[in-house]
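Quick notes on the structure that follows.
The values are calculated or read from the model by the stated rules, or taken from the named source; none is laboratory data. As the structure is a prediction and not an experimental result, all values here were calculated from the model. Every residue, glycine among them, receives a Cβ derived from its backbone with ideal geometry; neighbour counts consider all protein chains shown. The accessibility values were calculated without ligands, DNA or RNA, using every heavy atom of the protein model including side chains. Shrake-Rupley method; radii C 1.70, N 1.55, O 1.52, S 1.80 Å.
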Amino acid sequence: MFKKLCTMLLVVVLVAVAGQSVLHAQEPVTIKWLEWWGPEYGEDVMNELTSRFEAETGIRVERTTVNWDSMYDLLLTNAQAGTATYDVLGMEACCFLSGIDKLGGLEDLTPYLERDPEFVERLTALTPVKWRGGVMELNWYIFPYAYVYNIDIFEQAGIEPPKNWDEMVEVTRQLNESGVVQYGFGDSFGGFIHHVSYAVYAGRLAQLGGRMLDENGRAAFNSPEGVAALESWKAFIDSGLLLPGTIGLMETEAREALAAGTTAAMFDGPFAQVIAEQINPDIHLAFAPAWQDVSGSGGYVWAGSGLSISSNSKHKDEAWEFIKFLLSDEITVWLTEKNNIPYATTAAFGSLEESDSPILSQ
């Protein structure tokens, strides 16, 4: 009797343990994503991304959206934590990456890429961001900064977009005198990065053939081209042609002026259209054709923003699957059309050949 009772109890215990194991196995993993793109591209787009991934994989995504200016502080806290608060990180090579890497907060993605050569083949040459011998970030999108202008205002004024800096100064004067718009140009010099990357580098230094950094990553803007670029901007600002207060404006304020039709142009990335549409759904923006200086040099500066994995994450494999999803052909082609930004896969860039966007076509 005792033996039979023990056997029954053992069966009950095994069934209970097995039931707990099944429940535990079915419990989905949740990864946490820290990003700044919700306000820029719309919550509906971001929510659709996470919903589609969850439906495909069963992995849950908890998204934390903050302003770009708040990202670095949270990235620092995340890197210093024993266990990561966030698994997938919105990342900027220009501004965040080196500081977080010094704290050991970023996972080297090289081993993940080596295990998945088919995935690597679908990426662009500018997608992997290498730092100190490893790939610490994958750019999610890549783009040039350019002269962005309001198509309708230019057409009403009967003015063609400028092809170089000197034409831009003259076009700004003509727009101011046209009566169609208050100011032909406005920009941002209040932020710590916008005026360097967008305006000075992309807007003038690159056309003069200058560089911010040399091939060894050392400062190279202390050059004749660098001096000429700053002198060009000083003369333009002193001319009184720009939106008043440009020297102290933040980029949000400059974009608001463009979206409201107060200004006709500024230097920005291809996301200018989707951001402006949130203020003015009827606005039509375009990139001017790539500039050349009168000396013959020219071009635009390309940049990107991307994704990294926390080195102290408990869910690195799931985080990697999410990054692969965000950089899949289907998702990047969809996002390129939706957000008017070239996402960093060859499929997304291939889709530009048929784009009717006046920004993406350029």
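Figures for the structure shown
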| quantity | calculated |
| --- | --- |
| Hits in region 137-183 (condition: open to solvent by 30 Å² or more (accessible area, probe 1.4 Å), closer than 20 Å to Ser239 by Cβ and of a type in the set (S, T, N, Q)) | Gln174, Asn176, Ser178, Gln182 |
| Breaking point among (1) closer than 30 Å to Thr30 by Cβ; (2) out of contact with any Phe, Trp or Tyr (no Cβ under 6 Å at 6 or more places or on another chain), for Thr262 | (1) |
| Positions within region 221-248 being part of a loop (DSSP other than H, G, I, E, B) and open to solvent by 30 Å² or more (accessible area, probe 1.4 Å), in sequence order | Phe221, Asn222, Ser239, Gly240, Pro244, Gly245 |
| Segments classed as strands (runs of 3 or more DSSP E), wholly inside region 59-166, with at least 3 members that are in contact with a Gly (Cβ under 8 Å, 6 or more places away or on another chain) | 134-144, 146-150 |
| Given (1) surrounded by 22 or more Cβ atoms within 10 Å (Cβ to Cβ); (2) not in a loop (DSSP other than H, G, I, E, B); (3) not basic (Lys, Arg), number of the condition Asp187 does not satisfy | (2) |
| Residues being touching a residue at least 40 places away in the same chain (Cβ under 8 Å), open to solvent by 40 Å² or more (accessible area, probe 1.4 Å) and under 24 Å from Met136 (Cα atoms) - total across region 41-84 | 3 |
| Exclusive hit being under 25 Å from Cys94 (Cα atoms), β-branched (Val, Ile, Thr) and either buried (at least 24 other Cβ atoms within 10 Å of the Cβ) or without any contact (Cβ under 8 Å) to a residue 40 or more places away in the chain (or both), set Ile279, Ile309 | Ile309 |
| Subset of region 249-265 [open to solvent by less than 50 Å² (accessible area, probe 1.4 Å), at pLDDT 95 or above and not in a loop (DSSP other than H, G, I, E, B)] | Ala257, Leu258, Ala259, Thr263, Ala265 |
| Residue within region 286-293 that is over 23 Å from Phe189 (Cβ atoms), surrounded by fewer than 24 Cβ atoms within 10 Å (Cβ to Cβ), polar (S, T, N, Q) and in contact with a strand residue (DSSP E or B) (Cβ under 6 Å, 6 or more places away or on another chain) present | yes |
| Residue in region 173-181 that is of a type in the set (Asp, Glu) and within 27 Å of Ala93 (Cβ to Cβ) present | no |
| Any hit, region 267-278, residues being under 27 Å from Tyr343 (Cα atoms), touching a Ser or Thr at 6+ places or on another chain (Cβ under 6 Å) and not in a loop (DSSP other than H, G, I, E, B) | no |
